[in-house]
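Student: First the structure, then my questions, so here it is.
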Amino acid sequence: MADQPATLAAALGDLWQTIGARARAGDTGSSYTARLLAGGVDRVAQKLGEEATETVIAGVRRDPGAVVTESADLLYHLLVLWQSTGVEPGAVAAELTRRARPSSDGRTSRRSHEDQSSSEGTG
């Protein structure tokens, strides 16, 4: 088991590297990732949406095993979308870190953003 990623971050990092390698190789004959990317960002986004829906359904059914497998599919397709749109994982990590910092009123930055968005939509 020493070759297994020890953390979710390590597993996602390994997956990101694999997706990048398959994107660069572009072997649509043997790589699902390459075929998916060849379909364009619309196809990638469609698959991501399908996986998100399947993950939600697994959660509503309270099926932990299905939540695990669907979550893995969802994360894979999210990383393929990042690849397709030129988004680097570090940019997402930086945004998550920014949102986790408390704002001047003591709430997290993300919560403050949500409050602003909902008040903009009602007013």
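Student: Working carefully through the options T28, T55, T18, T33, find the one that is modelled with pLDDT of 95 or more and exposed (fewer than 15 other Cβ atoms within 10 Å of the Cβ).
Tutor: Values: T28 fails: exposed (fewer than 15 other Cβ atoms within 10 Å of the Cβ); T55 fails: exposed (fewer than 15 other Cβ atoms within 10 Å of the Cβ); T33 fails: exposed (fewer than 15 other Cβ atoms within 10 Å of the Cβ).
The conditions single out T18.
Student: Looking at G106, G49, G86, which is the one that is within 18 Å of L15 (Cβ to Cβ) and surrounded by fewer than 14 Cβ atoms within 10 Å (Cβ to Cβ)?
Tutor: On the way: G106 fails: within 18 Å of L15 (Cβ to Cβ); G49 fails: within 18 Å of L15 (Cβ to Cβ).
Among G106, G49, G86, only G86 is within 18 Å of L15 (Cβ to Cβ) and surrounded by fewer than 14 Cβ atoms within 10 Å (Cβ to Cβ).
Student: Which residue pairs have Cβ atoms under 7 Å apart, sit 6 or more places apart or on different chains, and have a first residue in the stretch 12-37 that is free of Cβ contacts under 8 Å to residues at least 24 places away in the same chain and a second that is loosely packed, with under 12 Cβ neighbours inside 10 Å and small (G, A, S)?
Tutor: Here the result reads none, with nothing in the stretch 12-37 linked to a residue that is loosely packed, with under 12 Cβ neighbours inside 10 Å and small (G, A, S).
The values are calculated or read from the model by the stated rules, or taken from the named source; none is laboratory data. These figures come from a predicted structure and were not determined experimentally. All Cβ positions, glycine included, derive from the backbone under ideal geometry; neighbour counts span all protein chains shown.
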